[in-house]
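Enquirer: For reference, the structure I am asking about is given below.
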Amino acid sequence: MAKLLSNFRTTILLSLALAVLMIIAFGRVAPGGFDLSFWQAALRWAHVGSGILWIGLLYYFNFVQIRLMPSIPAELKPAVTRHIAPEALFWFRWAALATVVFGVGVLFTRGHAYALEVLSFGFAGGLFESDKGFTLMGVGVWLAIVMFLNVWGVIWPNQKRALGIVVVDDEKKAKAARVAMLASRTNLLLSLPMLTSMAMYQTLFG
């Protein structure tokens, strides 16, 4: 067991395999079997899992790396910028994409009418008192989309310059690092309202 757990790839693949077995077991005991509700649940599992990785890394960058980098001795910083940060950014950006793709999948497996209500903040077909839940859920969905676009359109391009993956002069590198930091802080700012929308809606409206 110790040998198995010492290998990251083996551990995560085994965990994934066990999760897939549980998902299949849920399909076999669910009232509707492997119907649309099952696939909605499976997509929600993938959405939540990838979202944990995405937001977890966002919090790592903001709670740990960005805050502590100024205090790290100069001779140790290359270990972060050349090894840790590029790897973390790989999982960060692809987890963001997966979260949004699976989230859109959940949205549309609940029906096109539901998806349109959420994406239009409840205005599709006219805003009624009963549509206010859609308004709040729509806020969360669009915040997540803005955060995703920020990852791929601002944070990652600037981090490539800041980390030397794309070679630029020192002035452009410093500017890119600041832009990436501010964009990451923007996502940090939006993350709790976005998570509030997702969690509260699912609990109160289902």
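The values are calculated or read from the model by the stated rules, or taken from the named source; none is laboratory data. None of the values given here were measured: they were computed from a predicted structure. Backbone-built Cβ (ideal geometry, glycine too); neighbour counts: all protein chains shown.
Enquirer: Taking the conditions exactly as written (small (Gly, Ala, Ser), in contact with a Leu (Cβ under 8 Å, 6 or more places away or on another chain) and modelled with pLDDT under 95), does residue 74 satisfy them or not?
Expert: Numbers: small (Gly, Ala, Ser): yes; in contact with a Leu (Cβ under 8 Å, 6 or more places away or on another chain): no; modelled with pLDDT under 95: yes.
Here the answer is no, as residue 74 does not meet what is asked.
Enquirer: Which ones in the range 99-143 are more than 23 Å from the chain's Cα centre (by Cα), among the aliphatic types (A, V, I, L, M) and in a helix (DSSP H, G or I)?
Expert: Matches in the range 99-143: 113 only.
Enquirer: Looking only at the range 113-135, how many residues end up being under 18 Å from residue 203 (Cα atoms) and either surrounded by fewer than 15 Cβ atoms within 10 Å (Cβ to Cβ) or touching a His at 6+ places or on another chain (Cβ under 6 Å) (or both)?
Expert: Residues in the range 113-135 being under 18 Å from residue 203 (Cα atoms) and either surrounded by fewer than 15 Cβ atoms within 10 Å (Cβ to Cβ) or touching a His at 6+ places or on another chain (Cβ under 6 Å) (or both): 2 in total.
Enquirer: What number goes with the only condition from (1) free of Cβ contacts under 8 Å to residues at least 12 places away in the same chain; (2) surrounded by 13 or more Cβ atoms within 10 Å (Cβ to Cβ) that residue 158 does not pass?
Expert: All conditions pass for residue 158, except number (1).
Enquirer: If only one of 187, 150 is buried (at least 19 other Cβ atoms within 10 Å of the Cβ), in a helix (DSSP H, G or I), at negative phi and of a type outside the set (D, E, K, R), which one is it? Even if it seems obvious, please write down each step before you answer.
Expert: Values: 150 fails: buried (at least 19 other Cβ atoms within 10 Å of the Cβ).
That would be 187, the only listed residue that is buried (at least 19 other Cβ atoms within 10 Å of the Cβ), in a helix (DSSP H, G or I), at negative phi and of a type outside the set (D, E, K, R).
Enquirer: Continuing with the same structure: Got a number for residues in the range 113-143 being among the small types (Gly, Ala, Ser) and in contact with a helix residue (DSSP H, G or I) (Cβ under 6 Å, 6 or more places away or on another chain)? Break it down into steps so the answer makes sense when it comes.
Expert: Keep residues of the range 113-143 that are among the small types (Gly, Ala, Ser), which gives 113, 115, 120, 122, 124-126, 130, 133, 138, 140.
Subset that is in contact with a helix residue (DSSP H, G or I) (Cβ under 6 Å, 6 or more places away or on another chain): 115, 122, 124, 133, 138, 140.
Total satisfying the criteria: 6.
Enquirer: Exactly one of (1) in a helix (DSSP H, G or I); (2) surrounded by 13 or more Cβ atoms within 10 Å (Cβ to Cβ); (3) more than 22 Å from the chain's Cα centre (by Cα) is unmet by residue 5. Its number?
Expert: Exception for residue 5: condition (2).
Enquirer: While we're looking at this one, here's another question. In this structure, is residue 203 touching a Phe, Trp or Tyr at 6+ places or on another chain (Cβ under 8 Å), over 21 Å from residue 61 (Cβ atoms), among the polar types (S, T, N, Q) and assigned to a helix (DSSP H, G or I)?
Expert: Values: touching a Phe, Trp or Tyr at 6+ places or on another chain (Cβ under 8 Å): no; over 21 Å from residue 61 (Cβ atoms): yes; among the polar types (S, T, N, Q): yes; assigned to a helix (DSSP H, G or I): yes.
Answer is no for this residue.
Enquirer: May I pose another question? Considering the range 76-96 alone, what residues qualify as being within 19 Å of residue 150 (Cα to Cα) and without any contact (Cβ under 8 Å) to a residue 12 or more places away in the chain? Full working, then the answer.
Expert: Within the range 76-96, the subset within 19 Å of residue 150 (Cα to Cα) is 85-96.
If the condition is that a residue be within 19 Å of residue 150 (Cα to Cα) and without any contact (Cβ under 8 Å) to a residue 12 or more places away in the chain, then 87, 90, 94 are the ones that fit.
Enquirer: Give the residue, chosen from 141, 101, that is of a type in the set (A, V, I, L, M, F, W, C) and more than 20 Å from residue 200 (Cα to Cα).
Expert: Details: 141 fails: more than 20 Å from residue 200 (Cα to Cα).
Criteria check complete, one pass: 101.
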